[in-house]
2 protein chains.
Amino acid sequence: MHRKYIITDEWKIIEKGFDPALHPCSESLFSIGNGRMGQRANFEETYSGRSMQGSYIGGVYYPDKTRVGWWKNGYPEYFAKVINSVNWIGIDISIDGQPLDLAKVKVSGFYRELNMKEGYLLRKFTAQFDEFKTLEVEALRFISMKRHEIGAIRYSITPRGFSPKISYTPYLDFDVYNEDSNYGEKFWDEVFTSVASQKAINVAATKKTNFHVAAAMRYELEADSRHLTLYPENIKREKYVANRFEINAQAGTTYTLYKYAAITSSLNYPIEKIAEEADYKASEAMRAGFDALLEEQKKAWAAIWETSDIVIEGDPEAQQGIRFNIFQLNQTYTGEDERLNIGPKGFTGEKYGGVTYWDTEAYCFPFYLSTRDPQVARNLLLYRYRHLPKAIENACKLGFTDGAALYPMVTINGEECHNEWEITFEEIHRNGAMVKAIHRYVEYTGDFRYLADYGLEVMIAIARFWAQRFNWSEEKQQYVMLGVTGPNEYENNINNNFYTSYIARWCLEYTLQTIELLKNQYPKELSDVFQKTNFDTQSEPILWKKIISNIYFPYSEKYQIYLQQEGYLDKIQQLASEIPHTQRPINQHWSWDRILRSCFIKQADTLQAFYFFEDHFTTDEHQRHFDFYEPRTVHESSLSPCVHVVLAAKLGKLDKAYELYLRTSRLDLDDYNKEVHEGLHITSMAGTWMSVVEGFGGMRVRNQQLYFNPVLPRHWKRLSFKIIFHGRILEINTSHQGTTITRHTGDPLRLDLKGQLIEV
Amino acid sequence: MHRKYIITDEWKIIEKGFDPALHPCSESLFSIGNGRMGQRANFEETYSGRSMQGSYIGGVYYPDKTRVGWWKNGYPEYFAKVINSVNWIGIDISIDGQPLDLAKVKVSGFYRELNMKEGYLLRKFTAQFDEFKTLEVEALRFISMKRHEIGAIRYSITPRGFSPKISYTPYLDFDVYNEDSNYGEKFWDEVFTSVASQKAINVAATKKTNFHVAAAMRYELEADSRHLTLYPENIKREKYVANRFEINAQAGTTYTLYKYAAITSSLNYPIEKIAEEADYKASEAMRAGFDALLEEQKKAWAAIWETSDIVIEGDPEAQQGIRFNIFQLNQTYTGEDERLNIGPKGFTGEKYGGVTYWDTEAYCFPFYLSTRDPQVARNLLLYRYRHLPKAIENACKLGFTDGAALYPMVTINGEECHNEWEITFEEIHRNGAMVKAIHRYVEYTGDFRYLADYGLEVMIAIARFWAQRFNWSEEKQQYVMLGVTGPNEYENNINNNFYTSYIARWCLEYTLQTIELLKNQYPKELSDVFQKTNFDTQSEPILWKKIISNIYFPYSEKYQIYLQQEGYLDKIQQLASEIPHTQRPINQHWSWDRILRSCFIKQADTLQAFYFFEDHFTTDEHQRHFDFYEPRTVHESSLSPCVHVVLAAKLGKLDKAYELYLRTSRLDLDDYNKEVHEGLHITSMAGTWMSVVEGFGGMRVRNQQLYFNPVLPRHWKRLSFKIIFHGRILEINTSHQGTTITRHTGDPLRLDLKGQLIEV
């Protein structure tokens, strides 16, 4: 059974007392990262209890071959696995010949803290060898936000009541495995190792993908701040390098080992340079010293919080939850490297493989757009722009022609990295999210030039896909879209999914509008795009308009609602509240067959259209569709509650909004789905931000203008959040007394607060 | 490119000249088996060219773990692999220290023959070492139809122009692999080996499934019929035992090695006995001697042909084709062991895994029912009866209750052994085929007692499944069946598939009729079944009748046809003839996505209902549906053409019938689909029989009475086939002059020939 054990604190995630059963969960929750790499909260010293080792490097993956009983043409050939990489934290400790292993010694005073404000992981405990012999240990580590390739550890031991021999083995180990790998497969081959006194280098390459990664280490030891000279033994095994040395420790003295690791990869350097680079960076880090590195770290995090913090008064758990989400998002993606993206588990676990889902565009985009420099959101768009040729190739494999593009459902390199046809071939609505993100970016920033330089090219390719994907039905005398899977993945291969057809139509419309817009503003660039894409200015717009004007959308006269898909009402109609509690979540209790045939909805589907295209529908329509669909929704995707919070808040259903908010904001901290040991739900964390800012904050952007319409859950005293908008940092403060908006930087700005235009 | 190379002969499959590129195809075509085990036509001696080793034992499999990107509840956990078993044919030969290897020596006079009349494989060739040194080799082998565990080989070598040292290494080898296995996985563990002079035993067990298989061998050598005394060296390696000896051969002398192998398994004996049994059987076989064993073999095959031969005069290729089909069917399944069944590739390849598909009931059943003792067809039914508890368990996993059964799509042991949800969860029409086979059996044999003893129990469980699988649609005010895959696997997860709903309704009706029938004939047994199945004689029939009377069948007023599924006409309507030749078969050229969205039909779907329930429809309806659906059918299942032959023949479309017949009868011999190297299409071979007997022979059975309505393709001079009916062997002879029916055994019989009741 799930046990709530994280101690509430506004700026920290805290665990007190050591429970081995919870350790794998904590390993996820206390993960650290810097957008380039990340590390689960595994222990530095040996641990023989249950643990999932996880050290991940952005962009480094392994292609796991697809295997199905009946292979079909066009199936993606592999599933991109996020692989466990070098163990750089390892410091094996022996006390008088006995390994220090929390699974084997008596532990007291265990304390673990993820300091979100300053960006480090701290752990303290006392290991009790017998009544009179104890060892106080304190370990602090971080991955530097400033130095992208550096991790640093301060590991202190203080013996009490005895003066043991302490043996230290700091190491670098590529002989690691993935928890989800079959047949004990390993993914790394040794390339080169070198070990000398107090330094080592370990270079390995991934099988098949041949990514080269180098890890280098330095370390030093102090006794009560006094530097000790060491004469370590060098150790080399396959894919493993270490030093080992022993000291005669004195009771009451604190021995502090500083370990500095640098990890470089062939993504950033020529293969022949990575070892040298790693070695140099590790050495540079040690020269700077641990305290200076930690100081840099604190500053980097202070800058992040400066523009992205959210304050919730009157609800400490909600406060902790939202900061945890913001913290993890910033650990996962910093937006500086446009080759990287936001994995559903970030750097906290192996699950889902790949890295990039439509989550990025549909859920994460607004967070980065509002809390970071516009360059970050732009890099997220450019990531997809760079993948456009692969998306065209992907559509081509499926039989589409003339530059139509289908973005992959899951990718790490532009290729489709998932391998189930009902998702890769059919869950094509993701293409719409790509355009929606461009639209959002332009609406928010007013950077129309982006459309001319990059956006339109992507939009034309996607519009072409939609134009080919609709087909004319002689029977209906309308355009239909057959065989799709909507956002509600509890339906597969359905016809005329409202959301997919709706966003497809909107893509066609918006592309035509953009062409009109650029005709005036960027005629030269437009003509370049036409040439590059071989655009037929005659026939293509004609066909698109023809389709736009006559698409079949299933509609129920009885309920006065658009149907999620054609035939939805042939299903037995039930409400989620009728499902016995013991059968929830249904995806853990029901067969896939039963789920597919039920009316239950995994996550916002029709309502996703209402969220994305709010202004296309009347409030009455919002109300009717929400009242029909939400009660049929089981919210078994981490991405579901957030959209509903925004809609519920808009409709004044504050209790519903808060109930759903609880499901999203502390999903991982309270382990609602009993799966946090597998890693965190990173992309849904951005949805949590969205539910606060767009839901309770009521923020909207239309034509580069901000609108706020805040509503506060009853017991919240104050909600305050910051956003970056057109170069200004704005702080929005809402209490039950009213809302104030403060401009921290930049020129005055006009915006709409609760229907009134004000100047800030 | 495909090359037609098999030489036409009425009773033999013949290959002349050795082409290494064709060898893997020949390995399939020249396979031998006895219903218990089988062996591809691999060479006895070493062969370093392209080859797929294949030695298969009925019922011995390995569960290959299912792996998908997103695991869903209820997914079958494994895919049952047919595994390559002990190499018992191996006899390595060295000539003056040089291995005899057809990939490396010059070969002339290569001749390979599968003698279908007598049931053996013969191969002759001359190996040329230089201009003056040649070796004549002749190898003949068979797997005994009489002694189920025995294989025998006669291997003769005659040196010409030189007197070489010949080294022989007869062996038994379990260190084999599957061509389709990943990571070089092997499926056998060594259990026990023993080797002595001129005999050896090798016992191995399968991983995970722990089947134990023992192979034993004996051999002897003759020089020109003179027995030679040998002093062989014993060889043992992991999972491998052999003897090796050398002789100083004389030019012109023929050296003949007789090798006898016995293979026993834990399916038939206690594990501790299998080695002893194998050893004994091998010894017994050698005592009987090769010639006596071969004589037994010829007799056994003569008996088979006696009741199952088909003669086609005027079309030698058709003659060879139909005999090849009948021969392979009898090699695959003899009907004596009710635990075995008919794999789609029989014992000729690895593909498709599992063993039992609905092919057995829908396509193979009539062949065995008409050409073998009724016990054989009854054993096929009992196979499913024995699996009923597993079928109930299978339905239970999917959420069905109260004794509803869903038979697996693919099985080897009663469990679902396939692993794609759109097939296992949705291609549920297979349940209908189970009942159809019972119905056919009773119609043919009049064995109503079977219904009371076994049949009804299966039927009730299946009817319960259908009653739960239909659901009431408030919208349509009818019962609908959502989310199924019909026989046309080029559609997945469709609603209201005509075939599935139709056969489901028929199952409900036939079960109710059977209950009525048994009330009179077997009241005691009926009450036992009611008790055993906990049947509610009140509510269940009421519900079933309610469903029967109000099922939604999609229908087009425009075309006056039942639609394959709801919404079928929303697809772009095209004919198969419009597909460019270069894109056929579409499953090798189009993406699965494109195939799913096209209107093209893989195999009879709506027309399968017309085939099964011919008398439910008028000839006009037959005509309209055939004319609509057949042109949209690409026949890319080996099971497709046969059904269409029967329908076309009935509708008098003789040219169409013959065109389609060509696609089925020599599918493998002429390698139409360029895949014969993977193995033969065993189950479709029964479909070929069906197209001759039911199509051109026009045979039907209604209420235990035979009907014949023969029609002959223009250039066939005569068609003659035999069937067993109610204890009589009948021979039906049709020429363009008319039809005669001869009774070979038993009492006179009344039957209907071309609408006239006659007595034979």
For this session: Determine, yes or no, whether A:Tyr368 is aromatic (Phe, Trp, Tyr) and either within 14 Å of chain B (Cβ to nearest Cβ) or open to solvent by 10 Å² or more (accessible area, probe 1.4 Å) (or both).
Result: no
Problem set entry | Residue list for the stretch A:565-589, restricted to those being under 30 Å from the mean Cα position of the chain (by Cα), over 12 Å from B:Gly399 (Cα atoms) and open to solvent by less than 20 Å² (accessible area, probe 1.4 Å) | A:Gln565, A:Ala576
Problem set entry | Single residue of A:Lys273, A:Lys299, A:Lys236, A:Lys259 found to be surrounded by fewer than 17 Cβ atoms within 10 Å (Cβ to Cβ) and assigned to a strand (DSSP E or B) | A:Lys236
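Identify all residues within the stretch B:590-620 that are touching a Pro at 6+ places or on another chain (Cβ under 7 Å) and surrounded by fewer than 23 Cβ atoms within 10 Å (Cβ to Cβ); write none if there are none.
Answer for the stretch B:590-620, where residues must be touching a Pro at 6+ places or on another chain (Cβ under 7 Å) and surrounded by fewer than 23 Cβ atoms within 10 Å (Cβ to Cβ): there is none.
Could you check the stretch B:159-168 and list, in sequence order, the residues that are in a strand (DSSP E or B) and open to solvent by less than 10 Å² (accessible area, probe 1.4 Å)?
Those that are in a strand (DSSP E or B) and open to solvent by less than 10 Å² (accessible area, probe 1.4 Å): B:Pro159, B:Ile166, B:Tyr168.
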For this session: Scan the stretch B:97-147 residue by residue and report those that are over 18 Å from B:Tyr258 (Cα atoms), of a type in the set (Gly, Ala, Ser) and either touching a helix residue (DSSP H, G or I) at 6+ places or on another chain (Cβ under 6 Å) or open to solvent by 10 Å² or more (accessible area, probe 1.4 Å) (or both).
Result: B:Gly97, B:Ala103, B:Ser108, B:Gly109
Exercise. Going by the structure shown, is B:Val355 open to solvent by less than 10 Å² (accessible area, probe 1.4 Å), at pLDDT below 95 and among the β-branched types (Val, Ile, Thr)?
Worked result: no
For this session: State the number of residues belonging to the stretch B:410-428 that are of a type outside the set (D, E, K, R), within 18 Å of B:Pro344 (Cα to Cα) and either in a loop (DSSP other than H, G, I, E, B) or within 11 Å of another protein chain (Cβ to nearest Cβ) (or both).
Result: 9
Problem set entry | Residue, nearest to A:Asp655 (Cα to Cα), within the stretch A:710-760, restricted to residues that are in contact with a strand residue (DSSP E or B) (Cβ under 8 Å, 6 or more places away or on another chain), of a type in the set (S, T, N, Q) and open to solvent by 50 Å² or more (accessible area, probe 1.4 Å) | A:Thr740
Exercise. If we keep just the residues of the stretch A:416-435 that are within 19 Å of the chain's Cα centre (by Cα) and charged (D, E, K, R), which is nearest to A:Gly353 (Cα to Cα)?
Worked result: A:Glu416
For this session: Would you please name the residue that is nearest to the other protein chains (Cβ to nearest Cβ), looking only at residues in the stretch B:72-96 that are open to solvent by 10 Å² or more (accessible area, probe 1.4 Å) and of a type in the set (A, V, I, L, M, F, W, C)?
Result: B:Phe79
For this session: Tell me, please, whether a residue that is within 12 Å of chain B (Cβ to nearest Cβ), of a type outside the set (D, E, K, R) and either closer than 23 Å to A:Asn84 by Cβ or part of a loop (DSSP other than H, G, I, E, B) (or both) can be found in the stretch A:382-392.
Result: no
Exercise. Would you say A:Tyr490 is touching a residue at least 40 places away in the same chain (Cβ under 8 Å), within 14 Å of chain B (Cβ to nearest Cβ) and under 31 Å from the mean Cα position of the chain (by Cα)?
Worked result: yes
Problem set entry | Leading residue by the ranking (most open to solvent (accessible area, probe 1.4 Å)) among those in the stretch B:668-709 that are of a type in the set (A, V, I, L, M) and more than 18 Å from B:Asp309 (Cα to Cα) | B:Val701
Exercise. In this structure, is B:Gly446 surrounded by 22 or more Cβ atoms within 10 Å (Cβ to Cβ) and away from chain A (no Cβ under 14 Å)?
Worked result: no
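Residues A:Lys476, A:Lys519: which one is charged (D, E, K, R) and under 27 Å from A:Asn703 (Cα atoms)?
A:Lys519
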For this session: Collect the residues in the stretch A:302-351 that are in a loop (DSSP other than H, G, I, E, B), hydroxyl-bearing (Ser, Thr, Tyr) and buried (at least 24 other Cβ atoms within 10 Å of the Cβ), keeping them in residue-number order.
Result: A:Tyr333, A:Thr348
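May I ask you to verify whether B:Ile342 is β-branched (Val, Ile, Thr) and modelled with pLDDT of 95 or more?
no
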Exercise. If you check B:Asp9 against the conditions, is it closer than 30 Å to B:Ala249 by Cα and surrounded by fewer than 20 Cβ atoms within 10 Å (Cβ to Cβ)?
Worked result: no
For this session: Mind counting the residues in the stretch B:562-587 that are modelled with pLDDT under 95 and more than 7 Å from chain A (Cβ to nearest Cβ)?
Result: 6
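Conditions tested, residue by residue: (1) closer than 18 Å to B:Ile93 by Cα; (2) at pLDDT below 95.
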site: B:Ser181; (1), (2): no, yes
site: B:Val191; (1), (2): no, no
site: B:Leu221; (1), (2): yes, no
site: B:Asn243; (1), (2): yes, no
site: B:Glu277; (1), (2): no, no
site: B:Tyr280; (1), (2): no, no
site: B:Asp291; (1), (2): no, no
Exercise. Regarding B:Tyr450, is this residue in a helix (DSSP H, G or I), farther than 21 Å from B:Ala604 by Cα and touching a helix residue (DSSP H, G or I) at 6+ places or on another chain (Cβ under 6 Å)?
Worked result: no
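The values are calculated or read from the model by the stated rules, or taken from the named source; none is laboratory data. Predicted model only: the values in this text are computed from it and were never measured. Glycine also receives a Cβ, built like all others from the backbone with ideal geometry; neighbour counts cover every protein chain displayed. The accessibility values were calculated without ligands, DNA or RNA, using every heavy atom of the protein model including side chains. Shrake-Rupley method; radii C 1.70, N 1.55, O 1.52, S 1.80 Å.
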